[in-house]
Amino acid sequence: MRDSINRRKIEHIEIALSDDIDLSNNCRWFDFVRLIHNALPDSSFEETQLNWSFLGYELEAPLLIEGMTGGHE
């Protein structure tokens with residue numbers, strides 16, 4: 001099973017690096033998104049709080065979650 005997972009990760013990378021990707025038949029939802037720039041106009045640094053609670057824990061900093069593959073081996 002591990003070999004099939006590793007092979008699939010490599011296939012994903014190869015597809016992303018391929019020059020012949022055809023998205024013409026796919027719906028690209030970002031074409032329908034319009035982002036409005038509003039960079040915290042009414043906030044002050046002194047009033048900004050980074051602490052928050054999550055699953056019963058009090059956190060004092062932001063939590064960042066990113067996708068990770070860990071490589072293919």
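Just so you know, all these numbers are worked out from the coordinates, no wet-lab data involved. Since this is a predicted model, take the numbers as computed values, not measurements. Using ideal geometry, Cβ is built from the backbone for each residue, glycine included, and neighbour counts are taken over all protein chains shown.
Projecting label points 7 angstrom from Cα along Cα→Cβ for residue 37 and residue 3 puts them 5.3 nm apart. Using θ = phi - 60° in the Karplus curve 6.51 cos²θ - 1.76 cosθ + 1.60, the 3J(HN,Hα) couplings for the range 45-53 round to 4, 5, 8, 6, 10, 9, 7, 6, 10 Hz; x is entered for Gly and Pro.
Remark: the residue 64-residue 28 segment gains 10.4 nm on full extension, using 0.36 nm per residue and subtracting the alpha carbon distance.
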